[in-house]
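Colleague: Sharing a structure with you now.
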Amino acid sequence: MSLNHLATRFGCSWPWETLVLTCDGRVVCGCADPYVQRVLGDARTQSMADIWNGAPIQQLRTDLNGGGSTFCGDCPLKLPLGDDQAPAEREIQTGPTPGRLYVECTAACNISCFEAVCAPETGITRTRQAGMLDVDLFKKVIDELGPSLGRVDFFNYGETFLHKRAVEMCEYLKQHHPQIYLYTSTNGLALDEARARRLVHSGIDEVTFSVDGATPDSYARYRQRGDFERALANMRAMTDEKRRSGRDVPFINWRYILFTWNDSQAEMDRARELAAEIGVDRLTWEITDHPESAFSRRFAPGTPDHAAIRREIWDDNNLGNAIPGATPRAEIAVSRLPGVPLVGRSGAQLRLRAQVRNLSTRAFPAQASYGRRLVRLGAQLCTADGRVTNRDHARAWLPATLEPGQTSAVDIDIPLPDSRGRYRMKLDLVSEGIDWFEDCGSPTTSLPVLVW
């Protein structure tokens, strides 16, 4: 049912991109449905293709094309539309299956997060028709969707690794569908050392540990009944196994929610030291506005302290890092007279030689076993006033991994536009499949271009 008759209008992309499989086999829309109120189908009795193209989701897409749907209820994923903003219109029939899937192994959790919607005391597990995801159902869904899936988020509500076969499910997915990017988020407490090390060898691409504090006391204020030392031990086991076995996956994040009791400079600096010592790839801060009595006022958006750590915040970009010196930063130099443009014929190709220097404390990998996170030099085509028109205009490989402090010459072939005129070419480094360095504060180099 459309919301055109109401003042509140909104859009959403989820029904065109992603499905969420709950631990009892039902399929819902969006990862913000803790009590399974927005059901699109049931994988126990339907194929995922039938759900993806079924009447409920087609009606939802139709409604959203018109500016909203009562199906969405109080879902926080809705994107409000301005009074003069038209909703995005998309095809109602949108391919045979989705490109992304969330998998919930269980809604149960081994701790109780302070005033969290998914805390055991809320009764969330009673809204599920099964306590743990059936492994055969998981395999059936993954095998059906495997050819189209680009990413699986192996978590939702509850603690994934309370499922005794969770690591086995990761192994199955990567063995049978290695092209899928597999990501999980965990409190780290349901693992033991053996399972943590085994998870490294499953092929999983990225693991986020949620550890909100740098001392046992502050950590337990939010992660009630949690064990700070156990969480760190399992994080340490994974980084050690990754290093010992020479693997470049999984990428290991430590995500730290800031509250009034853990946002002091001393405790945040201690987290930076621990992250560097343990060997995680990335430490980031999470900014929240709840619970009302607990969220960090010091780092509220708009404050000077928030601005000081902005590049280190999880939602700001995909590369920023709170470990000192670990945020990717580079200097790109091209030897040319100031203000003199690059000149060439329309449709021709120019070769530039850039000197790229690594200004951070982490190496820039020139290769990666899975095609992501390797670093390349990119050229972005811009209008004469600097507006980007093609972020992926050209790429060039680094000749070798660029170590901290090193400089390397990189040749890049740049095709010139077919239309004559004045342009600019912006040079930046890109972590493939992740983000551009500029998005985490690294400087770029921009050159004028004259096409005749």
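Colleague: What's the carbon and sulfur percent of segment 97-181's accessible surface, probe 1.4 angstrom, rounded to a whole number?
Modeller: 52
Colleague: Looking at the chain only, what percent of DSSP beta bridges run antiparallel? Nearest 5 please.
Modeller: Expressed as a percentage, antiparallel bridges in the chain total about 65.
Colleague: Could you pull out the pairs from LYS140/LYS164; LYS139/LYS174; LYS78/LYS174; LYS174/LYS242; LYS140/LYS174 whose alpha carbons sit more than 23 Å apart here?
Modeller: LYS78/LYS174
Colleague: Could you give the radius of gyration (one decimal) and Dmax (whole number) of the Cα atoms in segment 54-213, in Å?
Modeller: 18.1, 56
Colleague: Can you give the net charge of the other residues whose Cβ lies under 14 Å from the Cβ of ILE287, counting K and R as +1 and D and E as -1?
Modeller: So the surrounding residues net to -3.
Colleague: Next question, about the same structure. What is the calculated FRET efficiency for GLN129 to GLU403, with r their C-beta to C-beta distance and R₀ = 60 Å, to the nearest 0.05?
Modeller: Step by step, r from the Cβ atoms, then E = 0.65.
Colleague: Determine the calculated [θ] at 222 nm for the chain from helices alone, applying -39500 (n - 2.57) to every DSSP H run no shorter than 4 residues and normalising by the residue count; nearest 500 deg cm²/dmol.
Modeller: -6000 deg cm²/dmol
Colleague: Find the accessible area per residue for segment 110-193; the probe is 1.4 Å, ligands and nucleic acids are left out, and the unit is Å².
Modeller: Roughly 40 Å² per residue, with all protein chains present.
Colleague: Something else: Can you give the percent of C-alpha pairs in segment 293-452 whose distance is more than 24 Å?
Modeller: Summing the P(r) tail past 24 Å for segment 293-452 gives 41 percent.
Colleague: Let me ask something additional. Using only Cα atoms, what Kirkwood radius does the chain have, in angstroms?
Modeller: Result for the chain, one decimal place: 24.2 Å.
Colleague: Where Rh is the Kirkwood radius over the Cα pairs of segment 174-272, the temperature 10 °C and the viscosity 1.306 mPa s, what D in µm²/s does Stokes-Einstein return?
Modeller: It diffuses with D of about 112 µm²/s by this estimate.
Colleague: Also, quick follow-up: Could you tell me how many degrees, from 0 to 90 and to the nearest 10, lie between the Cα long axis of helix 55-65 and the main elongation axis, the longest principal axis, of the Cα atoms of the chain?
Modeller: 50
Colleague: Can you pull the percent of segment 200-274's accessible area that's carbon plus sulfur, 1.4 Å probe, other chains left in place?
Modeller: 46
Colleague: Here is a further query. Given Cα pairs under 8 Å that are at least 6 residues apart, what percent is the relative contact order of the chain?
Modeller: With pairs under 8 Å counted, the relative contact order is 10 percent.
Colleague: Just going by the charge dipole of segment 97-162, with Lys and Arg at +1 and Asp and Glu at -1 on Cβ, which of LEU137, GLY158, PRO120 is farthest out on the positive end?
Modeller: Highest projection toward the positive end goes to LEU137.
Colleague: Compactness ratio of segment 124-210: Cα Rg over 2.2 N^0.38 Å, N = residue count?
Modeller: 1.06
Colleague: Taking only protein heavy atoms into account and a 1.4 Å probe, give the accessible area per residue of segment 290-353 in Å².
Modeller: The answer is 57 Å² per residue.
Colleague: Whole percent per 10 Å bin, from 0 to the bin with the longest distance: what is P(r) over all C-alpha pairs of segment 350-430?
Modeller: Over segment 350-430, the share of Cα pairs per 10 Å bin runs 17, 45, 28, 9, 0 percent.
The values are calculated or read from the model by the stated rules, or taken from the named source; none is laboratory data. In this text the structure is predicted, and so the values were computed from the model without any measurement. FYI the Cβ positions are ideal-geometry reconstructions off the backbone, even for glycines, and counts take in every protein chain you see. All accessible areas refer to the heavy atoms of the entire protein, side chains included, with ligands and DNA or RNA removed. Shrake-Rupley method; radii C 1.70, N 1.55, O 1.52, S 1.80 Å.
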